[in-house]
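What follows is a set of notes on a single structure, which appears directly below.
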Amino acid sequence: MEASITLKNVSKHYKKKYVLSGLTVGIEKGSTFAIIGRNGAGKSTLLRILSTILEPDNGTVYISGKEISKNLRDIKKIVAYLPDHDIHDPWLTGGENLRKRAAYLGIKTEEFQEKVMPLVEMFHLEKELSDYPVTYSRGVKRRLDIVQVLMGNPEVIILDEPTMGLDYLVRTILFKYILKHKGEKTFVLSSNEFSEIQTIADRWIVLDHGQIRFDGTLENMVAQIELPFFGNIEFQHGGSHLTKSLEHVPEIKEVRDLGKTVQIVTDNVLDFVSVLKKINLDDVLSIFGSSIHIEEFLNKLNVDEDF
Amino acid sequence: MENMFEIILSEIKPKSLRAGLAILTNILTTVLLYLVFITGLGQLLPRIQFINIGLWILPGIAAYIVSAVAFNLSLRDLYHYSFNSGLIDQIQSTPLLTYQVYFLKSLIILIKSGGHLILTSVVLLIISGVRVHFINLILFWLYLILGLIFISQFGVISGILAAKLKIRSEFVIIFVMALFMLCGAIVPSSEYPGLLGIMIRYFPVTVLFEGGRDLMLGGNISGIYLIYVAGFSIVSYFIAFFIFRQWTRR
C-alpha cells in the first residue's frame, strides 16, 4: 500500500531531554492511524512535527512522498491540524473565525456557503456562529475548531485528542466523517480513549518516553499479549456485600469495590461468565466489560521490556 | 499569495462598534494632547521666546499618537498570541509559510496605524486651523508610515520578550510612551544637554519625529534621515521576523 506519511529516525528534544527518540514509522495512504500513550509520551510533539508546525532535530519526514523540509509550501496545502487546545480567536465570533480561516485557506467569499456551511450544519454550529466563543461550552468550542480544520478539504488530517469535550452525538458525527473518508484521506489521531481507537483506527502505535513500544493492529496486540478481562457489575444498592464473598472464587484475580459498581478482574471473558453464574443478579442494574484497558496495556508493556 | 486581499480584509474588516470606539479614542487623545501642548503650553512658551509653538508641535503630536498606536497594536497582538497559543496554530496550520504570515501581520498593523495617522493629522489640522501644503502632508504621511515599520517591529520584539520574561505588557507600554515623548515629539532633541542630547538625537524615533516635522512644515528632509529610517525599518523587520520565527517554533 502507498505510504502517505513516512518518518525516518525522527528525534526531538527540549532542554536536553529527548521527547521523541529515533522514531521510524510509515502510515498508509487513506488509513486511520492512532497514537496512544500517557501524558508526556511525545504524542503532541509527534503530531506537531507531522503538521509541519515543528521541525524535528534529527531525521526526515515525508508526506505524500515529499520531504517536509524541502516541500513545505506544497505539504502545508494538503495537511490540516487540530491541536489539543483551542485554535480560535476569542475576540471574533464563531462565524468570523470561520471566515478568517477560510481567507487563510484561500476559500473565496463566494465559495464559503458551498464549502464551509455543509460542515457547519454537520457539526450543528448554525446557531452559535453569531456568538463569541467565550459563551460556548467546551464541546461547542471543539466543534468550531474541528470545522476550521476540515473546511480546507485536506488530504492528511491530524487530530490531537479530537473528541475532548465532545458529547456522544458529535463524537459519532466525527467518527462517521472519518469512516466516510476512509481510503480517501489519511487520518492521524491521538487519544486516551481506547474504545475510540478500537472503533476507528486501522493501526496504532503506543508511545512511551518518546519511543514506539507497540506498532500494530488490535489483532496483533491480542495475539502478542495476554490481557485480563475487566467486568463491571453495577448494583442498585451497592456491591460491597459481594466483595468479600467473591474473594475466594478461583477464576477471580482481583475484586475492586467502586461503590455501586464492583469491578472483577479475570483472565478472560469465559472466566467472567462463570463468575456471573455464581452471583445473585436480582439487585444488578447493569453489566459491562472490556478486555482491553489502556492503562493495563501500558503497564504490561512497561513490565515486559522485551515486548 | 493570491488570497492576500481576502486575508487582509478578514483581519481589518471594521466592526461598527469596535471601529467607532477606536476612532473616538483617537479623536479624544488628539484633542487632549492638543489642549495640553498647544493651548496650554502655548500660553507659557512665548515667555521663553519660542515662536509658532502650535505649528511646531502639531506634527510631533500626530507622530507621537500614531507611533503609540503602532507599537501598542503589535505588542498587544503578540502578547495576545503568546497567551493563546492556539491563535498562532490557527494561522500556522494553513498553507501560508511563516514569512508570509509575518508579512501579513506586519502589513495589517501598518494599515491600521496608517488609518490612525490620517485621522489624527486631519483632526489636528481642523482644530488648530493650521494650513499645510497638501504635498507636504502626503510626504509626512509616507515618511511616518516608513518609520512605523520599525516602530511596529519594536512592538513585536517587545511583545515576545515581555511574554517570555512574564512582564505585564502595561509596564512596557508606560516605559515606551515616556521614551517616545523624550524623542523630540514635543521638545526638540537639540535642547537636551551633553551625552543625553547626543543619544536622543541619533535615536531612530527622534529621527522619525523630527524628520516628519521637517517634511510637514517645510516639505524637505535630510537624505541621511530618510536612509537612516528606511535602513532601520528594513533591519528591524528582519530581526523581528527572525525572533518571531523562533518563537512560533517553541
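Read the figures in this text as sums done on the coordinates, not as results from a lab. Keep in mind that what you see is a predicted model, and the values were worked out from it rather than measured. We place every Cβ from the backbone using ideal geometry, glycine too, and count neighbours over all the protein chains shown.
Under the definition of partner shielding as Cβ atoms of other protein chains within 10 Å of a residue Cβ, what is the mean value for peptide B:82-89?
Details: counts 0, 0, 7, 4, 11, 6, 2, 10.
Across the residues of B:82-89, the mean count of other-chain Cβ atoms within 10 Å is 5.
If you project the alpha carbons of region A:98-212 onto the principal axes, what extent comes out on each, in Å, largest first?
44, 30, 26
Using the alpha-carbon atoms, what tilt in degrees (0 to 90, nearest 10) does helix B:16-34 show relative to the longest principal axis of chain B?
30 degrees
Whole-Hz Karplus ³J(HN,Hα) for region A:108-116, in order, using 6.51 cos²θ - 1.76 cosθ + 1.60 and θ = phi - 60°, x for Gly and Pro?
6, 3, 6, 8, 4, 4, 6, 8, 9
Kindly provide the chymotrypsin sites (Phe, Trp or Tyr not before Pro) of region B:180-250 that DSSP labels as loop, not H, G, I, E or B, and whose Cβ sees at most 12 other Cβ atoms within 10 Å. Present the calculation step by step, with values, prior to reporting the outcome.
Numbers: sites: B:Phe180, B:Tyr202, B:Phe209, B:Tyr225, B:Tyr228, B:Phe232, B:Tyr237, B:Phe238, B:Phe241, B:Phe242, B:Phe244, B:Trp247; in loops: B:Tyr202.
Filter output for region B:180-250: B:Tyr202.
Give me the number: length gained by fully extending B:Leu28 to B:Ile12, i.e. 0.36 nm times residue separation minus the C-alpha to C-alpha distance, one decimal in nm.
Details: separation 16, 0.36 × 16 = 5.76 nm, distance 2.19 nm.
Between B:Leu28 and B:Ile12, full extension yields 3.6 nm more.
What is the set of long-range amide H partners of A:Arg213 at a cut-off below 5 Å, with H atoms built 1.01 Å from backbone N?
Here the answer is A:Val206, A:Leu207, A:Asp208, since their amide H atoms fall under 5 Å of that of A:Arg213.
Between 0 and 90 degrees, rounded to the nearest ten: what's the tilt of helix B:223-248 against the longest Cα principal axis of chain B?
30 degrees
Identify, among A:Ile36, B:Leu142, A:Ile197, the residue whose Cα sits farthest towards the positive end of the charge dipole of the protein assembly as shown, taking +1 on the Cβ of Lys and Arg and -1 on the Cβ of Asp and Glu, with the dipole about the Cα centre.
Farthest towards the positive pole: B:Leu142.
Computed over the Cα atoms, what is the radius of gyration of region A:228-291 divided by 2.2 N^0.38 Å, N being its residue count? Provide the component values of the computation, followed by the final result.
Details: Rg = 10.3 Å, N = 64, 2.2 N^0.38 = 10.7 Å.
That ratio works out to 0.96.
Report the calculated FRET efficiency for B:Met177 and A:Lys17 (r = Cβ-Cβ distance, R0 = 51 Å), to the nearest 0.05.
The formula returns an efficiency of 0.80 here.
Given points 7 Å out from each Cα along the Cα-Cβ axis, report the A:Glu110 to B:Gln43 separation in nanometres with one decimal.
6.2 nm
Between B:Ala19 and B:Ser85, what is 0.36 nm times their sequence separation minus the Cα-Cα distance? Round to one decimal in nm. Provide the component values of the computation, followed by the final result.
Values: separation 66, 0.36 × 66 = 23.76 nm, distance 2.58 nm.
Using 0.36 nm per residue and subtracting the Cα-Cα distance, I get 21.2 nm.
What's the FRET efficiency of B:Ile239 with B:Phe103 using the Cβ-Cβ distance as r and R₀ = 22 Å, to the nearest 0.05? Please list the in-between numbers first.
Numbers: r = 15 Å, r/R0 = 0.67.
Efficiency at R0 = 22 Å is approximately 0.90.
Please give the helix B:134-164 orientation as an angle from the longest Cα principal axis of chain B, in degrees from 0 to 90, rounded to the nearest 10.
The angle comes out at about 50 degrees.
Looking at B:Ile53, A:Ser4, B:Thr94, which one has the Cα that reaches farthest to the positive end of the dipole of the protein assembly as shown (charges on Cβ: Lys, Arg +1; Asp, Glu -1)?
Final value for the positive-end residue is B:Ile53.
Grab the DSSP H runs of the protein assembly as shown that are 4 residues or longer, score each as -39,500 (n - 2.57), total them, divide by all residues and round the 222 nm result to the nearest 500 deg cm²/dmol.
On the way: 23 runs with 295 residues, N = 557.
Computed ellipticity for the protein assembly as shown at 222 nm equals -16500 deg cm²/dmol.
Considering the Cα positions of the protein assembly as shown, please state its Rg to one decimal place and its Dmax as a whole number of Å.
Just the Cα atoms of the protein assembly as shown yield Rg and Dmax of 31.1, 108 Å.
Which GluC sites (Glu not before Pro) in region B:1-100 sit in a loop by DSSP (not H, G, I, E or B) and have at most 14 other Cβ atoms within 10 Å of their own Cβ?
Values: sites: B:Glu2, B:Glu6, B:Glu11; in loops: B:Glu2.
For GluC sites (Glu not before Pro) across region B:1-100 that sit outside H, G, I, E and B with at most 14 neighbouring Cβ atoms in 10 Å, the list reads B:Glu2.
Calculated FRET efficiency, A:His209 and A:Leu285, Cβ-Cβ r, R0 45 Å, to nearest 0.05?
Values: r = 41 Å, r/R0 = 0.90.
That gives a FRET efficiency of 0.65.
Might you report the magnitude of the Cβ-based charge dipole of region A:228-291 about its Cα centre, with Lys and Arg at +1 and Asp and Glu at -1, to the nearest 20 debye? Mind dumping the intermediate values first?
Details: 6 positive and 9 negative charges, 7 e Å.
It works out to roughly 40 debye.
Rounded to the nearest 20 debye, what is the charge dipole size of chain A about its Cα centre when +1 sits on each Lys and Arg Cβ and -1 on each Asp and Glu Cβ?
Values: 38 positive and 44 negative charges, 219 e Å.
Charge dipole of chain A: 1060 debye, to the nearest 20.
With each pseudo-label sitting 7 Å past Cα toward Cβ, what's the B:Glu2-A:Lys244 distance in nm, one decimal?
Between B:Glu2 and A:Lys244, the simple spin-label model gives 7.8 nm.
For region B:14-248, count all C-alpha to C-alpha pairs, find those more than 23 Å apart, and express that count as a whole percent of the total.
In whole percent, the share of Cα-Cα pairs in region B:14-248 beyond 23 Å is 50.
Roughly what would the spin-label model give for A:His237 and A:Asn71, points 7 Å off Cα along C-beta, in nm?
So the label points at A:His237 and A:Asn71 sit 6.9 nm apart.
Measure up A:Lys141/A:Lys180; A:Lys108/A:Lys185; A:Lys185/B:Lys15; A:Lys77/B:Lys166; A:Lys115/A:Lys180 against 27 Å on the Cα-Cα distance and list the ones that go over. Could you put the intermediate results ahead of the total?
Numbers: A:Lys141/A:Lys180 23 Å; A:Lys108/A:Lys185 23 Å; A:Lys185/B:Lys15 38 Å; A:Lys77/B:Lys166 35 Å; A:Lys115/A:Lys180 17 Å.
Distance filter (> 27 Å) returns A:Lys185/B:Lys15; A:Lys77/B:Lys166.
Determine the dipole magnitude for the protein assembly as shown: charges of +1 sit on the beta-carbon of Lys and Arg, -1 on that of Asp and Glu, nothing else is charged, the reference point is the Cα centre, and the result goes in debye to the nearest 20. Working shown, then result.
Details: 54 positive and 53 negative charges, 446 e Å.
In total the dipole reaches around 2140 debye.
Determine the shielding of peptide B:4-12 by partner chains: average, over its residues, the number of Cβ atoms on other chains within 10 angstrom of each Cβ. Working shown, then result.
On the way: counts 1, 1, 10, 6, 1, 4, 10, 4, 0.
For peptide B:4-12, the averaged partner shielding equals 4.
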